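The values are calculated or read from the model by the stated rules, or taken from the named source; none is laboratory data. Predicted model, so just to flag it, every value in this text is computed and none were measured. When we count neighbours, we look across all protein chains shown, and the Cβ atoms used for this are built from the backbone with ideal geometry, even at glycine. Please note that ligands, DNA and RNA were not included when accessible areas were found on the heavy atoms of the full protein model with its side chains. Shrake-Rupley method; radii C 1.70, N 1.55, O 1.52, S 1.80 Å.
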Amino acid sequence: MAIIEVEDVARTFTVRRKVGRLKRERSEVRAVDGLSFEVAAGEMVGYIGPNGAGKSTTIKMLTGILVPSEGRLRVAGADPSRERVRLARRIGVVFGQRTTLWWDLPLRDSYELARRIYRIEDARYRRNLDRCIDLLELGPLLDVPVRQLSLGQRMRGDIAAALLHDPEVLYLDEPTIGLDVVSKNRVREFLAEINAESGTTVLLTTHDLTDIERLCSRVMVIDHGRVVYDGGLEGLHNVGGSERTLVVDLAAPEPDPISIPGARVVRMEGPRQWLAFPATDSAAPLVAAIAARYPLVDLSVKEPAIEDVIARMYGGGTTEGERSLEGSVAGA
Amino acid sequence: MAQSLAPAHPPDPTPFRTFRTLSGRPGGSLRLYAAVARGSFRRYAGYRAATWAGVFTNTVFGFFIAYTYQALWQIRPHLGGYDLSAALTYVWLGQALLMPIAAMGGGVQDDIEARIINGDIAVDLYRPVDQQLWWLSADLGRAGYHLLSRGIVPLLVGGLFFHLRMPAGSPAAQALTWAGATVSVALAVTVSFLLRYLAALTGFWLMDPRGVRQVTVVLGMFFSGFLLPLSLLPSTLAAVAQQLPWAAMVQIPLDVFLQRRTGAALAQGLLLQLGWAGLLLGAGQLLQRAVVRKVVVQGG
Amino acid sequence: MAESLSVPPPWYGRTREALRAYRLVAGMWLRASLAYRTSFWITTVGNAVTSLLDFVVIAVMFQHTTTLGGWTLPQVAFLYGTSGLTLGLADLLVGSLDQLGQRVRDGSVDTVLVRPAAALAQLSADRFALRRAGRVVQNLLVLGWSLWELQLDWTGPKLLVMAVLVVCGTVIFGSAFVAGAAFQFFATDAAEVQNSVTYGGATMLQYPPSVFARDLVRGAVYGIPLAFVNWLPALYLLGLPDPIGVPGWFRFASPLAALLCAAAAGLAWRAGIRSYRSTGS
């Protein structure tokens, strides 16, 4: 049974842009446009897309923060924007970029307040909190003011706060952003366990393919405000490895792009240049070739970000019909 | 209590590195500080809605206070040596100076306090620029913007509704007054900065800098002559207050503009401002050194 | 019919829930602030001293005159005390709202909207700071001195008007805070505008209406009805003639003004929230 239903939902924003010195021009931006999907109870779904594709807008509409301009949304049988407070008791939300915890107070106080605001019975509260403390290793952090927590600790604290009232649906907006590898793993394991044990439906947005890989059997890709792919991860992953980037810091700015066979400069900024090369190639000969010709200060290799993958998949003005994953894979 | 603090904006990630290259060249340090001041001016100019909100609020306060002065001076037409028109001018000029001298605290004080709390200040201290001069430049840039925006507009509105007194006399006397007032306002901002710098640095030793700030704001509001001309205080207190550093922030520049200080009194007023500036600059350097020692010994 | 009367209207339940959320959030901040006693006392005393400055100005003025706008020092002190007391109470209860623009900019309003409680209650109670009571206590002291000096002949109706003054004044200033916060949904940088009504208005109300230009006073009666905070009730309580030229029953109309202010603020808040929920910023 579908616990989240989204039907032809659109959200338009009016944007004022400066034109010249004084004039301002109004234009309409459709952040989400004809969005439709369903999520069944107990599913764990990855929701990905490039920046500005409409991911956060969707989450905000599903939580009732944002009112849709058109279309119909149902979450756990409620209309989020009309029944915000009622729905809030049945959902949990984690925003990776900002905390729902009370900034200046010890972590424990945030949980205590949640217990009373959500009216969680004592036994249930203690059981849930103990489980979170145990699995997320929050014990030593309970008496630390939230502002003093590291990003990873805070994220664990946030996830626990979102689960104390046994929500049926959990939204996670970039839950692993900025976390170190250890914290990421801990968060992922915890989410998998919660989903398996309690049957909590999870919808998560991320820029980290690994999150999806470890957690989600289903991925939805959104671009320009609508779902362009809905299915397994395998296809995405194939395209994902297409190109990596070598970031080179030269000792002094070069006027011309570095010219090396097998790579091309995609961006220049002062002494820093970005070179794209096929992911199947090794970076070593490339580095050697550059070092032989230019004095280097630093370099690093970047794996393709999801947004680049998406851009590659749907770039080049393809039509709606061609926007299928198989098409891109075949072409690659 | 009068106006509350201007909206606290997040501290700027001060672009030290951009300016660093400049300081190596001959004459570079002056250019460096000029660049800092310009950057600060532009930063505050970016908050346009905040500026208009502030202009509006300054103007409203100007009206309220002007009417209370008017009521008093109608009963006592030459109170404290000011006639009605001079007293009203005093109100509006005071409103014009409120933000430039940051009478309610703030400006770079917010930035420094934020950097002390998040620890960035330790990094700043290792940079090859004098911190006090660096922040002074930034504050002068801010004050310049606030004088042009939140200073001038309320003054013009006040001039439309009340009879304000402009510098009078021969063209030479007028020119001297304007020049004197300009120098005096610059010194007023400098003294105000130096006091706030000292207050901000005490944050290294105190857990909560709010207490110190409240005390300094109360002293500043009252002894600067911002609330009432100092000559209205009981005579002994008035005589002492005229010599204190806070008088350099409002009372002296306004008296210069209102031509209550001309000739020797003008020179004496400017010298008093200069003297306090020098003394506080020295005190700031000493405190700054103590901070560096504390940071080096305790690692911040 | 009888049954429908016994069922509480829906707004009753919502209000009770909102007050509960306010109490929970504020209570938590209260406990947290008391954990740092020294800091709490320093800032509380600091608040009181800062708010005392305005009275020092009035006292200095009365060194040079016996009346201002026809009012004596104890009479002006009555205005000062009631103005500061009501502003102080409003600030204590909902003053945190003046940082709303900042919260819109950093996105933390979203986190408020995903909790099962009224946004206004949560946002007003956030950072509840008992130190703001410093202003309240300081103004109460001045008011106490003024009443002692004035030796008013307290009758039942006068006591009632005095109590109504405190409640309605607080509601009017509180409405100004709420409306100012609602404005910040549209102009997130313009937090200072509301200061001209709250702190500026309170400064104006410290002085007799006869001091100000006629149009300004009319604006405070018919525009933003600050005159109902203390000017008009004070005319009755202190037995002074009307310098404003308004109907006599206006002296007792503070509840009406407070009701109108609260309704206007409520509408403004709804418009602000609605705008936020259709732009997300």
_DSSP-assigned coil residues among chymotrypsin sites (Phe, Trp or Tyr not before Pro) in the stretch A:87-140, each with at most 12 further Cβ atoms within 10 Å_ = none
*Would you rank A:ASP173, A:ASP104 by solvent-accessible area, highest first, keeping every protein chain in place and using a 1.4 Å probe?*
A:ASP104, A:ASP173
*Please report, as a whole percent, how much of the solvent-accessible surface of the stretch A:75-128 comes from carbon and sulfur atoms (probe radius 1.4 Å).*
43
_Run lengths n ≥ 4 of DSSP H only: what is the helix-derived mean residue ellipticity at 222 nm for chain C, with -39500 (n - 2.57) per run over all residues, to the nearest 500?_
-22500 deg cm²/dmol
*Sorted by accessible area (1.4 Å probe), largest first, how do A:GLU197, A:GLU168, B:GLU113 line up?*
A:GLU197, A:GLU168, B:GLU113
_C:ARG20, C:ARG115, ranked by accessible area, largest first (probe 1.4 Å)_ = C:ARG20, C:ARG115
*asked:* Quick check: the angle from helix B:171-201's long axis to the longest principal axis of chain B, C-alpha only, nearest 10 degrees?
replied: 40
*Report the extension gain between A:SER259 and A:ARG86 in nm, rounded to one decimal, defined as 0.36 nm multiplied by the number of residues separating them, less their alpha carbon distance.*
56.2 nm
*What shape does the protein assembly as shown take by its C-alpha gyration tensor, where a ≥ b ≥ c are the square roots of the eigenvalues and a/c under 1.5 counts as rounded, a/b above b/c as prolate, and the rest as oblate?*
oblate
_Need one value for C:205-212: mean number of C-beta atoms belonging to other chains within 10 Å of its residues' C-beta atoms._
3
_Using a loss threshold of 20 Å², tell me which positions in the stretch B:73-94 are less accessible in the complex than in their chain alone. Probe radius 1.4 Å, ligands and nucleic acids ignored._
B:ILE75, B:ARG76, B:LEU79
*What residue among B:SER85, B:SER170, B:SER149 has the largest mean-square fluctuation in a Gaussian network model of chain B, using Cα springs under 10 Å?*
B:SER170
*Gained length - B:ALA175 relative to B:ALA290, 0.36 nm times residue gap less alpha-carbon distance*: 37.0 nm
*Once every DSSP H run of n ≥ 4 in chain B is given -39500 (n - 2.57) and the sum is divided by its residues, what mean residue ellipticity at 222 nm do you get, rounded to the nearest 500 deg cm²/dmol?*
-22500 deg cm²/dmol
*asked:* How long are the semi-axes of the equivalent ellipsoid of chain A, taking √(5λ) for every eigenvalue λ of the Cα gyration tensor, in whole Å from largest down?
replied: 38, 26, 21
*Which whole-number value in Å² is the accessible area per residue of the protein assembly as shown, probe 1.4 Å?*
43
_Length-normalised contact order of chain C in % [C-alpha pairs under 8 Å, at least 6 apart]_ = 26
*asked:* Which of the three applies to the stretch B:145-233, rounded, prolate or oblate, going by the alpha-carbon gyration tensor with a ≥ b ≥ c and a/c under 1.5 meaning rounded?
replied: prolate
*If you build a Gaussian network model of chain C, linking Cα atoms that sit under 10 Å apart, which residue out of C:THR67, C:THR198, C:THR111 swings the most?*
C:THR111
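Where the accessible area of the stretch A:143-287 is counted over protein heavy atoms with a 1.4 Å probe, how much of it, in %, is carbon and sulfur?
50
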_C/A buried area, accessible surface, summed, 1.4 Å probe, Å²_ = 2700
*Shielding of B:54-60 by partners, i.e. mean partner chain Cβ atoms within 10 Å per residue?*
6
*What net charge is computed for the residues neighbouring B:TYR82, neighbours being all others with C-beta under 14 Å from the C-beta of B:TYR82, Lys and Arg scored +1, Asp and Glu -1?*
+2
*Carbon and sulfur together cover what percent of the accessible area of chain C at a 1.4 Å probe radius?*
68
*Helix-derived [θ] at 222 nm for chain A: sum -39500 (n - 2.57) over DSSP H runs of at least 4, divide by residue count, nearest 500?*
-10000 deg cm²/dmol
_Please compute the Kirkwood hydrodynamic radius of the stretch A:243-303 from all pairs of different C-alpha atoms, in Å with one decimal._
11.3
*Computed FRET value (nearest 0.05) for A:THR14 with A:ALA292, which takes r as the C-beta separation and R₀ as 51 Å*: 0.40
*Relative contact order for chain A: what is it in percent, counting Cα pairs under 8 Å that are at least 6 residues apart?*
18
_Interface area, B with C, accessible, probe 1.4 Å, both sides summed, Å² nearest 100_ = 3600
*Any chance you could list P(r) for the stretch B:28-298, counting all Cα-Cα pairs in 10 angstrom bins from zero, rounded to whole %?*
7, 28, 35, 21, 8, 1, 0
*Once you have a ≥ b ≥ c as the square roots of the Cα gyration tensor eigenvalues for the stretch B:139-182, tell me rounded if a/c is under 1.5, and otherwise prolate or oblate according to whether a/b is larger than b/c.*
oblate
_Could you work out the relative contact order of the stretch C:42-149? I mean the mean sequence separation of Cα pairs under 8 Å and 6+ apart, divided by the number of residues, in percent._
50
*Over chain C, one equal point on each Cα, no solvent: what is log10 I(q)/I(0) by the Debye formula at q = 0.13, 0.16, 0.17 Å⁻¹?*
-0.94, -1.29, -1.38
*From other protein chains only, count the Cβ atoms within 10 Å of every residue's Cβ in C:50-58, then give the mean.*
5
